[in-house]
Each structure stands twice: as C-alpha cells, then as structure tokens.
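Taking it in order: structure first as structure tokens, then the write-up.
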Amino acid sequence: PAVTSPCKILKCNSEFWAATSGSHHLGTEEAPEFCTALRAYAHCTRRTARTCRGDLAYHSAVHGIDDLMVQHNCSKDGPTSQPRLRTLPPGDSQERSDSPEICHYEKSFHKHSAAPNYTHCGLFGDPHLRTFTDTFQTCKVQGAWPLIDNNYLNVQVTNTPVLPGSTATATSKLTIIFKSFQECVDQKVYQAEMDELPAAFADGSKNGGDKHGANSLKITEKVSGQHIEIQAKYIGTTIVVRQVGRYLTFAVRMPEEVVNAVEDRDSQGLYLCLRGCPLNQQIDFQTIRSAQATEGRARRKGPSLPAPPEAFTYETATAKCREKLPVEDLYFQSCVFDLLTTGDVNFMLAAYYAFEDVKMLHSNKEKLHLYERTRDLAPGNMAPSETTPALWVALLCLSQFWLCLL
C-alpha cells in the first residue's frame with residue numbers, strides 16, 4: 001500500500017510555481033512580487049524541514065531558493081503573503097500531465113545545480129555482474145538476491161542452475177518494486193520470469209497509476225517478449241530487461257544521488273549492484289577449472305548430468321563470441337566462459353546485448369570496455385586479485401587440456 005510522506009515540500013513547490021508562473025516573463029516591475037513569493041517559498045520549506053531531512057527534492061529546493069534570492073536581489077526580510085493561485089487555461093492537458101515539476105528528476109532536483117552523475121549496473125549470463133562502481137565479477141548467487149535496495153525502488157533477482165547439478169546459474173526471475181513517491185507515482189510492481197516478459201506492471205497498468213505525475217513512470221515494449229524498457233523520470237532512472245534464450249538480463253542507469261539514498265547506511269552494502277557479490281559467492285579460476293573437470297568426468301561416467309545442447313571447445317567458443325564481440329574485453333571473456341560452462345549459444349547473445357545496454361546507459365564512454373577482472377579474494381586464496389586477459393585465456397586453455405586428459 002502507498003504510504004503518504006509527512007514531507008510537504010511538494011506543496012511548497014506547487015505554491016511557488018502557481019505564484020510565479022505565467023504566460024510572460026517577469027519584468028523588472030514585478031521583482032518585488034517575485035521576492036514576496038520567494039520568501040513565502042523559503043518560509044514553507046522551513047516549516048517542513050524536520051520531516052524532509054532525507055528528501056532529495058527538499059534539499060534541491062533549499063539550494064534553489066538561495067540562488068534565486070541572489071539572482072533577483074531579494075531580501076530575506078520582508079512580506080511573505082500567501083501566493084496567488086494560478087488557474088490553468090482550459091484544455092492545457094500537456095501542462096497538467098507534466099506537472100508537478102518534481103516528477104521530472106533533471107528539471108526539479110537539479111534545476112539550480114550541476115547535472116547529475118549517472119551510474120550503471122548490469123547482470124547477465126552465468127551470472128556476470130557489473131556494479132555501479134564498474135567492478136566486474138562472476139558469481140554463483142543461486143536463489144533470490146537483492147540487486148538494488150534504496151529509498152525509491154527494490155530489485156530482486158532469482159538465479160537457478162542452467163543444468164541439473166551444474167554450478168552454472170542464470171537469472172530466471174526478476175522483481176522490481178517502485179515505491180510510492182509524493183504526487184508522482186503509486187507503488188508499482190514489475191515481475192518477469194523465464195518465458196514471460198510482460199509489457200505492463202503486475203496490476204496491468206503501464207504507468208505510475210492515478211497520481212498527477214503518473215506518466216513519469218512508464219513501460220515501453222521494444223521487442224515483444226524479448227525487450228522492455230522502464231523509464232522512471234521522477235528518479236532519473238532507466239531500466240532495461242531482456243529475455244535472451246530462456247534467461248533474463250538486467251541493466252540500469254541511475255543517478256548517484258538516488259543510488260546512495262538509503263535510510264540505513266549499515267544495510268546499504270547488502271545489495272549486489274552497489275557492493276558486488278559476497279566473497280563466498282564470487283567465482284575464481286580454481287573453482288572454474290574444478291567445476292569443468294568434475295562435469296566432464298560425470299558426463300563420461302554416466303547419465304547423472306545431461307550433455308549441454310552444444311559442446312564448445314575453447315577455439316570454437318572464442319570464434320563464436322568474436323562474431324558479436326570483436327573486442328576481447330571482459331564481455332568477450334564472459335561469453336567464452338559461458339559457452340564452455342553451459343554449451344548454450346544464447347549466452348553469447350546475452351553478453352552481446354549486455355554490452356549494447358552499457359553503450360546506451362553508461363555515462364562515461366571511455367569506460368565501456370573493461371579488461372581487468374576485479375575480484376577481492378579472501379586471505380590465503382591463491383588466485384590473484386586482478387587477472388589479466390592473457391592469464392585468463394591461459395587458464396581456460398589449461399582447463400580444456402585437463403578435460404582432454406580426463
């Protein structure tokens with residue numbers, strides 16, 4: 001159920017907007033009236049300060065008022081009469097649908113400050129995780145895990161084994177909860193599973209509900225049953241969900257301010273997109289080699305493990321991945337790894353689309369490609385904390401050599 005916030009900054013914003021908006025620009029002769037409205041705005045924000053301490057819009061408003069005071073040479077002392085109400089002209093539906101301005105992150109939160117710094121997180125394949133800090137990991141994380149958990153939304157993924165008894169897992173279920181936000185959106189739940197990628201929220205709607213700024217949250221179907229995009233403009237966030245083969249991929253673009261908006265800092269490290277996978281869930285190359293050897297023995301001894309749909313050697317896997325990923329970065333290496341561990345060519349497409357999403361969502365085009373594996377290992381682990389591509393390739397070749405001997 002939606003929870004009404006005690007923070008009344010939206011009311012302050014609306015009153016100031018109603019008092020100062022018009023069909024013409026403020027002239028010099030209207031400066032005193034503008035300053036009166038501005039002082040009323042400041043007074044309103046002070047009244048709601050205690051309940052708005054953690055509200056991004058409140059802090060943006062406070063900074064914006066100070067800037068406007070300086071720009072218009074307004075004195076902080078003076079009349080603060082209630083602002084006049086502005087009546088919308090008949091048929092002004094576009095203005096109504098776009099208001100209040102708080103429902104557009106870039107227009108409201110940063111109207112009087114620098115542009116936001118956007119970050120990216122993605123999960124795809126077996127599964128491979130790129131965190132908001134551009135750390136790249138390969139993880140086990142079987143079962144349900146929180147991917148994002150902040151004041152505005154929760155994302156949870158469920159990963160299941162690709163083959164019975166296999167250590168390779170992939171995302172089979174995704175749940176996204178958009179929390180109710182002021183006058184912009186009602187709480188909405190989006191859920192996708194294997195072979196079911198809906199183009200609507202769980203209640204059948206495609207926007208944020210009945211609130212005034214409902215269209216600041218929208219679902220768009222790009223490819224039926226394969227690709228949807230969710231725009232949450234009120235928090236400056238774009239989410240891309242795909243079904244590739246039987247499994248799901250996830251990618252998000254989110255402002256740092258929203259990423260770090262949590263009430264309990266101690267629990268902030270519990271979600272994967274921010275802190276990465278726990279050490280005991282991260283996969284090192286000794287684990288990879290052991291798993292490949294074990295599965296190879298099992299397939300030769302009996303029917304306990306089914307054969308993958310297509311058997312790849314290192315050479316055929318690299319050739320296949322190079323068709324879609326010509327740059328031998330970590331997305332290419334992830335593709336090779338997934339083909340060797342699953343035998344499913346759809347994992348090559350998952351890596352390809354994951355990189356396509358990075359190109360669309362990442363704000364720093366110089367960081368699209370990652371080349372060094374960034375896993376923090378527990379003390380005593382023999383694997384290095386950073387493995388170069390050459391060493392990665394050598395280890396995979398060695399694993400294939402051992403499989404042949406077995």
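For segment 73-102, a residue qualifies if it is touching a helix residue (DSSP H, G or I) at 6+ places or on another chain (Cβ under 6 Å) and either at pLDDT 80 or above or among the β-branched types (Val, Ile, Thr) (or both), and the qualifying residues are Cys74, Thr80, Ile102. In segment 308-406, counting only helices (runs of 4 or more DSSP H) that sit wholly within it, the ones holding 3 or more residues that are of a type in the set (Gly, Ala, Ser) and either under 19 Å from Gln282 (Cα atoms) or modelled with pLDDT of 90 or more (or both) span 346-361.
Conditions tested, residue by residue: (1) hydroxyl-bearing (Ser, Thr, Tyr); (2) open to solvent by 20 Å² or more (accessible area, probe 1.4 Å).
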{"site": "Val155", "(1), (2)": "no, no"}
{"site": "Thr160", "(1), (2)": "yes, yes"}
{"site": "Lys179", "(1), (2)": "no, yes"}
{"site": "Asp203", "(1), (2)": "no, yes"}
{"site": "Gly208", "(1), (2)": "no, no"}
{"site": "His212", "(1), (2)": "no, yes"}
{"site": "Asn215", "(1), (2)": "no, yes"}
{"site": "Lys218", "(1), (2)": "no, yes"}
{"site": "Lys222", "(1), (2)": "no, yes"}
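Just one of the numbered conditions (1) modelled with pLDDT under 95; (2) under 18 Å from the mean Cα position of the chain (by Cα); (3) open to solvent by 20 Å² or more (accessible area, probe 1.4 Å) is not true of Gln231: (1).
Restricting segment 162-177 to residues that are within 27 Å of Tyr105 (Cα to Cα) and either assigned to a loop (DSSP other than H, G, I, E, B) or not hydroxyl-bearing (Ser, Thr, Tyr) (or both), the residue that is most open to solvent (accessible area, probe 1.4 Å) is Ile177. Among the residues of segment 225-246, those identified as in a strand (DSSP E or B) and β-branched (Val, Ile, Thr) are Ile228, Ile230, Thr237, Thr238, Ile239, Val240, Val241, Val244. Against the conditions (1) modelled with pLDDT of 80 or more; (2) in a loop (DSSP other than H, G, I, E, B); (3) surrounded by 14 or more Cβ atoms within 10 Å (Cβ to Cβ), where does Tyr41 fall short? Just the number, please. Here Tyr41 meets the rest and fails (2).
With the requirement that a residue be open to solvent by 10 Å² or more (accessible area, probe 1.4 Å) and within 20 Å of Val240 (Cβ to Cβ), what does segment 112-121 give you? Correct list: Pro116, Asn117, Tyr118, Thr119. Look at segment 134-151: where a residue is open to solvent by 30 Å² or more (accessible area, probe 1.4 Å) and a partner is among the aromatic types (Phe, Trp, Tyr), sitting 6+ places away or on another chain with Cβ atoms under 8 Å, you get Pro146/Tyr271; Asp149/Tyr271.
The values are calculated or read from the model by the stated rules, or taken from the named source; none is laboratory data. Here the structure is a predicted model, which is why all the values come from computation and not from measurement. No Cβ is skipped: glycine too gets one built from the backbone with ideal geometry, and neighbour counts run over all protein chains shown. What goes into the accessible areas is simple: the full protein's heavy atoms, side chains included, and nothing from ligands, DNA or RNA. Shrake-Rupley method; radii C 1.70, N 1.55, O 1.52, S 1.80 Å.
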